[in-house]
Amino acid sequence: MTLSFASPSEPSVPLHVISQPDLDNWLQDQPSHIASWVEANGFTGAMGQALLIPQSDGAPEMALAGYGNSNKRARKRFPLAAAAEALRKGTYHIASGVPADAISNECLGWLLTGYAFNRYANQSPAKARLIAPEDVDAARIEALANAEALTRDLVNTPASDMGPDQLQAAAEDLAQEFGASCSVIKGDDLLDQNFPLIHTVGRAAAQAPRLIEMTWGNTGPKLTLVGKGVCFDTGGLNLKPGNSMSLMKKDMGGAANVLGLARMIMATKLPVQLRVLIPAVENSVAGNAFRPGDILTSRKGLTVEINNTDAEGRLVLADALALADEGEPDLIISMATLTGAARVAVGPDLAPFYTDDDGAADALANAGRQSADPVWRMPFHEPYESMIEPGIADLDNAPLGGFAGSITAALFLRRFVGDSRYMHFDIYSWQPSKAPGRSKGGLGQGPRALLTALPEILNL
């Protein structure tokens, strides 16, 4: 599925975007027949309302989109998308009413109303098409929309069709599209090349564990993205209950978001040397599954006591982060659907992130607000380091007690990064219910904020 703007040469209907407080003033400047039609149809400017105003021959003269009020808009990511979804099939151009500082995000939200996950049954996305306003970067917005569609498709696909094999294929397809290089270390070759944790977590599955690597760009700062690719998480021998397992197809959401971000970077030609690392596994149960109480040695040489096989994501990320750090990049970013503790802390709508770099954190927070991709900084709280040190090994993959679960997971991951600047995202990657511009299901969280912030973070 390609999400794109309509051609500027297409015949289009002028669309006036009207907030509730501004409706009366707008109507005062209109002919009486328009005011009468608006009143007769009960249009108030409420968010999500859409109204076509016909000419005498029945053809549309203009369309109106309700924009609500400032309080209502503050509660929605893409307010105009609510009206776009209600408009009849056709092509429109924005004639008035969208603030200049919101126009790019509103256009993105409009494009995202056209997303549908149609692999198994036909869905019904919005049919209204938009001509890009002259003052927006249409190519960039299309790049963002299609990267988001890629992420959603990957997360929405069930594990029956999105195992390590298929995740590898998705990375290879993306690499081929943009002229990037892609290589894979698979199965027992992981042991030969010193990725023991990735191998251990995935060795019980029918599809072999692997480390996927993609590289693109020859100039600029070195940026390495690491995405958790656990294509299904049973919990291992610490088996999840059924309700907790029902959404585990999305446990590769970190990898999906990293691939979405990589697509944005390559499509917009950001001047960086990009490296993407995805440890792709399925955490399955079999006779050779790893066990509670096992002590494993990581690529970095740190030993890890396994106190819960359901805390597997941090294990596969650990080996990948160690490799990332060996390349001495200017910035490492990891993304993972890692802990339920993060969901308890910030809910499903915010993308919590960790970094020791205050400047990068400020840049990212500002970028999140600008790009309708909200993020929230969490602390690498040093006093909690002792909670991940069991004594019998260097590290504990699942400290007892359950306190500060997202923080201790982030601290665990940080142990595998040396002097490189590091940022970690503990995301949900799922939209629990439909919202304007956001269908229920897989969701990108953090990539747009990162793309907006990276020029400042990396001094591009």
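Values quoted throughout were computed directly from the atomic coordinates according to the rules given, and no laboratory measurement underlies them. A quick note: this is a predicted structure, and the numbers were derived from the prediction, not measured. Cβ: placed from backbone, ideal geometry, glycine included. Neighbour counts: every protein chain shown.
Annotations for the structure displayed:
- Amide H contacts for F5 (H built 1.01 Å from N in the peptide plane; partners 5 or more residues away or on another chain; cut-off under 5 Å): none found.
- Applying 1/(1 + (r/R0)^6) with r as the Cβ-Cβ distance of A206 and R377 and R0 = 45 angstrom yields a FRET efficiency of 0.70.
- Potential lengthening of the chain between D357 and N459 amounts to 35.3 nm, from the contour at 0.36 nm per residue minus the alpha-carbon distance.
- Rounded to the nearest 20 debye, the dipole size of the chain about its Cα centre is 1020 debye, using +1 on the Cβ of Lys and Arg and -1 on the Cβ of Asp and Glu.
- The label-point distance for E328 and T303, in a model that sets each label 7 Å from Cα toward Cβ, rounds to 3.1 nm.
- Rounded to 0.05, the FRET efficiency of the S160 and D189 pair, given R0 = 22 Å and the Cβ-Cβ distance, is 0.30.
- The string of couplings for segment 234-240 from the Karplus curve (6.51, -1.76, 1.60, θ = phi - 60°) is 6, x, x, 5, 7, 4, 5 Hz, one whole number per residue in order, with x for Gly and Pro.
- Inter-site label distance for S124 and L247 at 7 Å from Cα along Cβ, in nm: 2.6 nm
- Between R75 and Q28, the modelled label-to-label distance comes to 2.9 nm, taking each label 7 Å out from Cα in the direction of the beta carbon.
- Note on A95/A286: beta-carbon distance plugged into 1/(1 + (r/R0)^6) with R0 of 35 Å gives a FRET efficiency of 0.05.
- Three-way shape call for segment 143-457 based on the alpha-carbon gyration tensor, with the a/c threshold at 1.5: rounded
- Residue exposure proxy: D330, D192, ordered by other Cβ atoms within 10 angstrom of their Cβ from fewest to most, comes out as D192, D330.
- Crossing angle, helix 138-156 versus the chain [Cα axis fit, 0-90 degrees, rounded to tens]: 50 degrees
- All lysines inside 27 Å of K269 as judged from Cα atoms, apart from same-chain residues fewer than 8 positions distant: K222, K228
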